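A.B. asks: This is the structure, below, for whatever I ask next.
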Amino acid sequence: MIQDERIPQTRVNKSSILFAYQENGSVDYVLEGYPSVPKEDVLRLIAWYTENKEEADEWLNSIVEECAKRSEDFPSPQTAKVRALREKLGESL
């Protein structure tokens with residue numbers, strides 16, 4: 001499995017760059033969103049993505065699934081409040 005490492009000398013994970021690229025399909029869009037990441041690193045990562053699209057998409061999907069699972073298992077305080085309010089409102093209807 002691919003590791004979601006940070007891009008060297010930044011605080012940006014590789015997956016963040018690829019999610020942004022998936023969202024818009026533009027290198028400029030990625031660079032605008034992540035100005036701390038050198039253009040060469042973005043281009044190298046996108047080249048890898050396009051050459052290994054199936055594997056990369058599986059990896060990115062696994063990240064999304066893991067985040068969704070964690071969100072369900074450990075909801076934020078705001079999410080917990082909304083869920084409790086929905087339950088309370090559902091009981092009063």
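A.B. asks: Determine whether the range 8-23 contains at least one residue that is open to solvent by 80 Å² or more (accessible area, probe 1.4 Å), outside any helix (DSSP H, G or I) and in contact (Cβ under 8 Å) with a residue 24 or more places away in the chain.
C.D. replies: yes
A.B. asks: Applying the selection to the range 34-51, what residues are assigned to a helix (DSSP H, G or I), open to solvent by 50 Å² or more (accessible area, probe 1.4 Å) and under 16 Å from S15 (Cβ atoms)?
C.D. replies: Scanning the range 34-51 gives R44, W48, T50.
A.B. asks: Go through (1) surrounded by 10 or more Cβ atoms within 10 Å (Cβ to Cβ); (2) charged (D, E, K, R); (3) at pLDDT 85 or above and name the single condition E54 misses.
C.D. replies: So the condition that E54 fails would be (1).
A.B. asks: For the range 64-86: of the residues being open to solvent by 100 Å² or more (accessible area, probe 1.4 Å) and assigned to a helix (DSSP H, G or I), which is nearest to F19 (Cα to Cα)?
C.D. replies: Of the residues in the range 64-86, the ones open to solvent by 100 Å² or more (accessible area, probe 1.4 Å) are 65, 69-70, 72, 74, 78, 81, 86.
So of that shortlist, the ones also assigned to a helix (DSSP H, G or I) come out as 65, 69-70, 72, 78, 81, 86.
On the way: E65: 14, K69: 18, R70: 19, E72: 21, Q78: 25, K81: 29, R86: 31 Å.
Among those residues, the one meeting the criterion is E65.
The values are calculated or read from the model by the stated rules, or taken from the named source; none is laboratory data. Values in this document were obtained by computation on a predicted structure and should not be read as measured data. Every residue, glycine among them, receives a Cβ derived from its backbone with ideal geometry; neighbour counts consider all protein chains shown. In case anyone asks, the SASA skips ligands and DNA or RNA and just uses the protein heavy atoms, side chains included. Shrake-Rupley method; radii C 1.70, N 1.55, O 1.52, S 1.80 Å.
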